[in-house]
1. Any idea which residue in region 233-262 is least open to solvent (accessible area, probe 1.4 Å), counting only those that are touching an Asp or Glu at 6+ places or on another chain (Cβ under 7 Å) and more than 17 Å from Pro58 (Cα to Cα)?
2. Inspect region 188-209 for any residue being out of contact with any Lys or Arg (no Cβ under 8 Å at 6 or more places or on another chain), modelled with pLDDT of 95 or more and of a type in the set (Lys, Arg) and give the result as yes or no.
3. Restricting the search to region 364-394, which residues are open to solvent by less than 10 Å² (accessible area, probe 1.4 Å) and free of Cβ contacts under 8 Å to residues at least 24 places away in the same chain?
4. Looking only at residues that are open to solvent by 10 Å² or more (accessible area, probe 1.4 Å) and touching a helix residue (DSSP H, G or I) at 6+ places or on another chain (Cβ under 7 Å) in region 211-232, which one is farthest from Arg258 (Cα to Cα)?
5. I'd like to know if region 146-157 contains one or more residues that are modelled with pLDDT of 95 or more and farther than 26 Å from Thr255 by Cα.
6. Surrounded by fewer than 15 Cβ atoms within 10 Å (Cβ to Cβ), more than 25 Å from the chain's Cα centre (by Cα) and over 23 Å from Trp194 (Cβ atoms): is that true of Gly313 in this structure?
7. Say whether the condition of being open to solvent by 50 Å² or more (accessible area, probe 1.4 Å), under 21 Å from Ile251 (Cβ atoms) and aliphatic (A, V, I, L, M) is met by at least one residue in region 326-338.
8. If you scan region 101-129, which residues turn out to be surrounded by 14 or more Cβ atoms within 10 Å (Cβ to Cβ) and either over 22 Å from Ala81 (Cα atoms) or touching a Ser or Thr at 6+ places or on another chain (Cβ under 8 Å) (or both)?
Amino acid sequence: MSVPTWAALAAFGAWTWLLLGHGFFWRTDVRLPPPPDGVPPGGGTSGGDRAGPVRWPPVAVVVPARDEAGVLPHSLPSLLAQKYPGRAEVFLVDDGSTDGTGAVARALADGEPGGLPLTVDSPGPPPPGWTGKLWAVRHGTALARARTDPAYLLLTDADIAHHPDSLRELVSAARSADLELVSLMARLRTDGGWERLLVPAFVYFFGQLFPFRRVNRPSARTAAAAGGCVLLRADVAVRERLPDSIRGAVIDDVTLARAVKRGGSGRVWLGLADGVVSVRPYVGLREPWDMVARSAYAQLRHSPAVLAATVAGLALVYLVPPAAACLGAVTGDAACAAAGAAAWAVMAGTYLPMLRLYGLSPWRALTLPLTAALYLLMTVDSAVRHHRGRGAAWKGRTYP
């Protein structure tokens, strides 16, 4: 057999393992856990109902925001309008914005007179060793502890909109399943052509890197969270000295989940959201490219060796199957064409559930190799930027 045929067979073997032995990462049915049968949520034995805990604990919603005036009108009102039976307050921390983010937030709160209380404050520039987002989270949690002594912290990004029962459902799930951290991968926008090509694949690749079912297994080492929506028990934040202990993390959500899972019971949960959505548009290729290039090399621990292995692995798994199928068809090598087509078919099949989740045509599954090639180039660009001193650059800041 030819070298392309052997490569295609290796890719087919890799996809067979990914399909069956990698935590069923491709499934999209991981949703918030319902309350256990026969047990009132919140751990009580009587009183209350199936809708939530017997006693609703106080919650502080912390929203770090830097130059988010454009998206706040589409997201902040959804937080202020939360239908939460207990005490809850929103703390928006203006992280050095230059576009009037704080003023926009206050004006939106004035337009929601019956909504949750809103505090807008700014901690000033982050000290050396801190990322701006985590410095803002630290300030917001300090304000919350001084004001409400919350039992839970909802850390949510400024571009995330929540349906009215979002907070109630998150707290109910955390209490019912005794979870230390609950995180939802927000539904991202797919309005434009580049969004439809890149966004479902982004969630797919995230699930492949961190299979949700493994994350949700207390005995498994895999830990991850989606930074747009994280409900964290306040006593766990104190126990793990969060966010101080991860102050310089560029990939703060995954680092946060690792700290929680390794330091406690391991009871963290990550799933896909229905009513938690991102309102941020990604126009063109440049914006999603910069988002990935900002942190991809950090995920590889800034290691050239890991980068080289990653590029080789991605090329084998995603690029070899279509290349072998086409090469075999052109040269008349039936074995090469069959092996490449088989690997490509399994790859496309694992992508179909994500396309259905986003309401996109199943034929887009055949374009996954192209999308993977773009993400591979973004990862290489991330390494290049790092070695040029422009690695974790975001909204006017560059972190070492």
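1. Val260
2. no
3. Ala365
4. Among residues in region 211-232 that are open to solvent by 10 Å² or more (accessible area, probe 1.4 Å) and touching a helix residue (DSSP H, G or I) at 6+ places or on another chain (Cβ under 7 Å), the one farthest from Arg258 (Cα to Cα) is Gly227.
5. For region 146-157, residues modelled with pLDDT of 95 or more and farther than 26 Å from Thr255 by Cα: absent.
6. Numbers: surrounded by fewer than 15 Cβ atoms within 10 Å (Cβ to Cβ): yes; more than 25 Å from the chain's Cα centre (by Cα): no; over 23 Å from Trp194 (Cβ atoms): yes.
No, not satisfied.
7. no
8. Of everything in region 101-129, those that are surrounded by 14 or more Cβ atoms within 10 Å (Cβ to Cβ) and either over 22 Å from Ala81 (Cα atoms) or touching a Ser or Thr at 6+ places or on another chain (Cβ under 8 Å) (or both) turn out to be Gly102, Ser122, Pro123, Pro126.
The values are calculated or read from the model by the stated rules, or taken from the named source; none is laboratory data. Please read these numbers as outputs of a predicted model, since none were measured by experiment. No Cβ is skipped: glycine too gets one built from the backbone with ideal geometry, and neighbour counts run over all protein chains shown. Heads up: the accessible areas ignore ligands, DNA and RNA and are worked out on the full protein's heavy atoms, side chains in. Shrake-Rupley method; radii C 1.70, N 1.55, O 1.52, S 1.80 Å.
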